[in-house]
1. Show which aspartates and glutamates lie in cross-link reach of K75 when reach means a straight Cα distance below 14 angstrom and same-chain residues fewer than eight apart are skipped.
2. Short version: ³J(HN,Hα) in whole Hz for each residue of the stretch 95-106, in order, from phi by Karplus 6.51 cos²θ - 1.76 cosθ + 1.60 (θ = phi - 60°), x for Gly and Pro, what are they?
3. Could you quote the convex hull projected area for the stretch 39-109, Cα atoms only and averaged over all directions, in nm²?
Amino acid sequence: MNKIGLTLVLMVVFIIGVMLTSTELYRPSMFKSISWNKAVTLTDDNIIIDIEYAKPLSPRQIVIMVHSTVYESDKKIWHELGIARRLLNYDSAVVLFDLRFHGNSTPAL
């Protein structure tokens with residue numbers, strides 16, 4: 001590839017990079033400190049379900065995340081993997097909860 005071709009490729013890559021970083025789609029460090037709110041709900045059979053949620057200033061959607069019961073036993077997995085934070089960066093309100101008898105919900109009898 002000659003110098004002019006390489007220069008054009010680098011310019012296109014630079015312009016695309018500038019466009020991505022200046023749009024609403026790319027904001028990797030928008031939420032430096034996320035405030036997670038705690039809540040609980042009581043089922044008909046008196047089981048307490050532990051809930052945690054956070055939302056950006058103007059959310060576009062709500063994502064409810066449920067952990068699996070085989071490998072992950074509570075909602076902490078979404079924090080550990082960083083998925084909850086990434087969803088908040090893209091204007092998603094995030095709701096995490098522990099299933100019955102998992103995490104901070106009422107223990108099994």
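1. D50, E52, D98
2. 10, 10, 8, 8, 5, 3, 6, 10, x, 8, 6, 4
3. Averaged projected area of the stretch 39-109's Cα convex hull equals 5.2 nm².
Computed from the coordinates by the stated procedures, all read-outs in this text should not be read as laboratory data. All values derive from a computational prediction rather than experimental measurement.
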